[in-house]
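Read through the structure below, which is laid out as structure tokens, and then see the notes.
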Amino acid sequence: MDIADGVVSKMEALERDNASKKDEIHNLKIEIESLRREAEELESEMNAVEEAGSEAVVLSSVLEDRERMLTFLERETKTMMQMNAESEMKVRDLERRIGVLEVRKSEERCKRVRVEEEMREKVGEKEKEIERLKQRIKDLEEAKGVERKQNSEIEDEEEKKVLGFMWPLVAAGGAAVVAVFYFYFRKRR
């Protein structure tokens, strides 16, 4: 019986060992299952991290594009503000020039009106002077007409005396000229 006791005890030991191994296997299965679940969770987390990384890359690219656009818009805004300031300066300068031109135009208009008034006054004075001179000429002509009438009577008498004496001399001088031409042209033929 000893042997049987030894075999029974070995069997019991083996059964105990087998039961403990079954428990170990069962615990290992549970541990493997939990590790498998953890691995799946890790894999899904890794996929999520990869997706988040790719989204981060996309968002980073979008952010860079937006930053470039913001920089461009800031430069454009600055340029536009400078252009606006320059335009305002030009507008002020043009308004000043227009004001100066309007003042000059007003001064020239006033000057022209003054000159026109002076010319009207001078023309009026000249017209009065012309009227005075016309009246004086008329008076002188009347006086001269009277004087002529008196002088013409005296001159008529003198002319008759002078012409009466000069007529024969003029006729003789004319005949002499005709004779000279006659002799001159007769020789030439």
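The values are calculated or read from the model by the stated rules, or taken from the named source; none is laboratory data. Fair warning: this is a prediction, and the values are worked out from it, not measured in the lab.
A compact table of results
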{"read-out": "Glu118 being at pLDDT below 90, assigned to a helix (DSSP H, G or I) and not polar (S, T, N, Q)", "value": "yes"}
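Here's the yes/no breakdown for (1) hydrophobic (A, V, I, L, M, F, W, C); (2) modelled with pLDDT under 90:
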site: Val7; (1), (2): yes, yes
site: Ala13; (1), (2): yes, yes
site: Glu24; (1), (2): no, yes
site: Ile32; (1), (2): yes, yes
site: Leu35; (1), (2): yes, yes
site: Ser44; (1), (2): no, yes
site: Leu59; (1), (2): yes, yes
site: Thr71; (1), (2): no, no
site: Glu76; (1), (2): no, no
